[in-house]
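The values are calculated or read from the model by the stated rules, or taken from the named source; none is laboratory data. Here the structure is a predicted model, which is why all the values come from computation and not from measurement. So basically every Cβ, Gly included, is an ideal-geometry build from the backbone, and we count neighbours across all protein chains shown. The protein model used for the area step is the full one, side chains on, heavy atoms only, and it has no ligands, DNA or RNA in it. Shrake-Rupley method; radii C 1.70, N 1.55, O 1.52, S 1.80 Å.
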Amino acid sequence: MFKVKALELIRLLKTKLSEEIYTYDYNRETNKLRLDHKELAKGIDISIPPILAKYETKKEKAIEEVVYTIQQTFQAMEKEIAGEIDPAASIYPVIRSTSFPQKSNEGNRFITKDHTAETRIYYALDLGNTYRLLDEKMLAGWDIRETEIRERAIFQVRNLETNYKKDEVAGNIFYFFNNNDGYDASRLLNESLLRDMKKQVVGDMTVSVPHQDVMIIGDIRNETGYDVLAQMTMHFFTVGTVPITSLSFIYENGDLEPIFILAKNRVTKENEDK
């Protein structure tokens, strides 16, 4: 079966995003593509492996999704340069891995907050079809404090829809939050949502954010459930456009604990206690 390679993928992108407008710089070592908009003199870094994985299943649609995201991102940059961004607009928290850059390409520090050993909270200005991560320079221009940004963001995440799809595998229940609004993983920060879900859960409650467009809450009722969860999160982590972590968390007493610490023999121990 023919598998698309990185250079072939970049060639496909060039048919959609003209070299007259963009410059392409592919780094083989990091497997990342640097795409710069000539007129705006701004650029973005694109990780190639997640797009290749998505292309295997979605083909041309995967390319269309990437192109759309890139175009929307540069349109947002254009609005920022023109001074059309309203600081009073919606601000949301977004979850990223701890390996995600803490500075913009221009060297400005992003507004962040520590979360877990695997995740960090960033803050974004919603622009409709995309968003812009907030950095110190932007806040200085608006004369807004970081504490105010964080307060606005937490308030906004509580207003997000909490629709989910439910699935049962080997006696375990999984709830998938996949609204495709860019903030699915951010729902992890909605404490009232997690408390409500905890009331429904019979076994161990797990929370996973393998990439930014999905949050999975698990009701793990037997040992097989952990194996299913591990395979599931690794799959989502691999195909996500913005991967976060393949590690899942146990949710208990309002805290998130990494499963590699707690999961082994946990269900067995609880059954013995009963």
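Could you provide, to the nearest whole Å², the per residue accessible area of the range 19-97 with probe 1.4 Å?
Heavy-atom accessible area per residue stands at 54 Å².
Just need the relative contact order of the chain here, percent rounded to a whole number, with Cα pairs under 8 Å and 6+ apart. Don't jump to the answer; show the numbers that get you there.
On the way: 435 pairs, mean separation 35.8, N = 274.
The value is 13 percent.
What residues of the range 161-197 lie in the reach of a label at Thr224, counting those whose backbone N is under 11 Å from a point 7 Å from the Cα along Cα→Cβ?
169-172
Which ³J(HN,Hα) values, rounded to whole Hz and listed in residue order, are derived for the range 18-23 from phi using the Karplus coefficients 6.51, -1.76 and 1.60 in 6.51 cos²θ - 1.76 cosθ + 1.60 with θ = phi - 60°, glycine and proline given as x?
Once θ is set to phi - 60°, the couplings for the range 18-23 become 4, 5, 6, 9, 10, 10 Hz.
Mind scanning Lys14/Lys38; Lys14/Lys58; Lys113/Lys165; Lys42/Lys137; Lys5/Lys54 and naming the pairs with a C-alpha gap bigger than 21 Å?
Violating the 21 Å limit, Cα to Cα: Lys113/Lys165.
When only alpha-carbon atoms are used, what values of Rg and Dmax, in angstrom, describe the range 157-246?
In order Rg, Dmax, the Cα atoms of the range 157-246 give 12.3, 35 Å.
For the chain, what is the convex hull volume of its Cα atoms per residue in Å³?
Per residue, the Cα convex hull of the chain comes to 143 Å³.
So what are the radius of gyration and Dmax for the Cα set of the range 1-142, in Å?
16.2, 53
Can you give me the relative contact order of the range 79-138 as a percent, contacts being Cα pairs under 8 Å and 6 or more apart?
Details: 85 pairs, mean separation 20.3, N = 60.
For the range 79-138, the relative contact order is 34 percent.
Any idea of Asp36's accessible area? Nearest 10 Å², probe 1.4 Å.
Asp36 exposes around 40 Å² with every protein chain in place.
Return P(r) of the range 122-202 (all Cα-Cα pairs; 10 Å bins starting at 0; whole %; ordered from short to long distances).
Final binned percentages: 14, 41, 26, 13, 5, 0.
Under unit Cβ charges (Lys, Arg +1; Asp, Glu -1), what dipole magnitude, rounded to 20 debye, does the range 1-102 have relative to its Cα centre?
Taking the Cα centre of the range 1-102 as origin, the dipole is about 560 debye.
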